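Working notes, structure below.
The values are calculated or read from the model by the stated rules, or taken from the named source; none is laboratory data. Just so it is clear, the structure is predicted and the values come from calculations on it, not from any experiment. Heads up, the Cβs are rebuilt from the backbone with ideal geometry, glycines too, and the neighbour counts pull from every protein chain shown.
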Amino acid sequence: MKTKKKAILLVIASALLWGTYGSFLSAIEALGLRANTINFLRFASTALPILLWLLLRDRAQLRIRRRDLPLFLLNGLASIVFFTSCYAAAIRETKIATAAALLYTAPAIVMLLSVLLFGEKLTLRKALCVLLSVTGCALVSGLGRGGAALTARGLLLGLGAGLGYALYSIFSRLLQQRGYSSYTNVCYTFLIASAAYFALAAADGGAADMLRLPGASLLAVGCGLLTGLLAYVLYTRGLEEMEPSRAAQLATIEPVFAALLGALLFAQRLSATELLGIALVVVSVVLMNARIPSGGLRSGAETCYTFGTEKGSEDEG
């Protein structure tokens, strides 16, 4: 169906936007802005445009039930803030490549949680795709090519980042099941995250840098509009039409695009190992969404898709 194909394209587009975050971050940090301030500006510029749009066009979407407030708080704090904090700490404890590889344990975490919470089918095809994508991300990130040893603390922080990253898909699906739109979800989730990071930026003195470094602040806002607002709206919209495990696995195209962007913009050469990793991720994305002939990688009543063309039920693996 066209809606399924559109959902796939939305998730892939969001991953491509996330893939530009590293380039933005390098430029912003070089201008002197601190991490908590960058996160505040990024998440505020994600939430505030949606809040303004809903205030002007559809205030009904701003209404949330009191009993659902804890779920929005969990999505803002236990997924977004927890993920970004663990990821930054993992990079400091190990290195960017190792932290990135551990982050992309997220598809496996989403797959397992989706089986437990949403009754998704755990099929051979899903498991193989997740294995290919996690392995590919590890190769693309350069895991195993020397550098600092992986400490127990670094491992826990990296896995914590993967868990926080995965929880966004889970909490967002729960909010959708309770009738909230993707705009309501992103608006409140990132208002909560930006408030938390403003408090952290005020505590470390970084909030004052927003006025002292207007160029860096403006660049952080631009980063938020692209890698926050647009990316998360696209991803959350895609989640409305597909299983969380499929969306999380499709998003593994992000480090591939980041590596290619680095090669293009910064003349960073790609090794044979990194090219192999890119190939594995691409194969996993194609395999997850391509139609498989009868008898191939199917389990029970598993459904086949040809890039969003539905055949049978939506409980495809």
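Being part of a loop (DSSP other than H, G, I, E, B), more than 17 Å from the chain's Cα centre (by Cα) and not hydroxyl-bearing (Ser, Thr, Tyr) narrows it down to one of GLY179, GLY222, so name that one.
The unique qualifying residue is GLY179.
Against the definition (surrounded by fewer than 19 Cβ atoms within 10 Å (Cβ to Cβ), at pLDDT below 95 and closer than 27 Å to LEU116 by Cα), how does SER181 come out, yes or no?
yes
What do you reckon, is ARG34 surrounded by fewer than 22 Cβ atoms within 10 Å (Cβ to Cβ) and free of Cβ contacts under 8 Å to residues at least 40 places away in the same chain?
no
Residue-wise test of (1) surrounded by fewer than 24 Cβ atoms within 10 Å (Cβ to Cβ); (2) over 25 Å from LEU116 (Cβ atoms); (3) of a type in the set (Val, Ile, Thr).
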{"residue": "LEU219", "(1), (2), (3)": "yes, yes, no"}
{"residue": "GLY238", "(1), (2), (3)": "no, no, no"}
{"residue": "ARG246", "(1), (2), (3)": "no, no, no"}
{"residue": "VAL256", "(1), (2), (3)": "no, yes, yes"}
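Quick one: which of ALA193, ALA208, ALA216 is assigned to a helix (DSSP H, G or I) and closer than 30 Å to VAL110 by Cα?
After ruling out the rest, the residue left standing is ALA193.
What number of residues within the range 101-122 satisfy the criterion of being out of contact with any Pro (no Cβ under 6 Å at 6 or more places or on another chain) and either assigned to a helix (DSSP H, G or I) or crowded, with 22+ Cβ neighbours inside 10 Å (or both)?
15
Quick one: in the range 131-152, of everything that is polar (S, T, N, Q), surrounded by 13 or more Cβ atoms within 10 Å (Cβ to Cβ) and at pLDDT 75 or above, which residue is nearest to GLY19 (Cα to Cα)?
Top of the filtered list is SER133.
Could you go through the range 245-260 and let me know if any residue there is farther than 30 Å from THR184 by Cα, under 18 Å from the mean Cα position of the chain (by Cα) and at pLDDT below 70.
Yes, some residue in the range 245-260 is farther than 30 Å from THR184 by Cα, under 18 Å from the mean Cα position of the chain (by Cα) and at pLDDT below 70.
Between a residue in the range 157-168 that is within 14 Å of ALA251 (Cβ to Cβ) and any residue that is modelled with pLDDT of 90 or more and among the acidic types (Asp, Glu), which pairs come within a Cβ distance under 9 Å, given they are 6 or more apart or on different chains?
Qualifying pairs under 9 Å: none.
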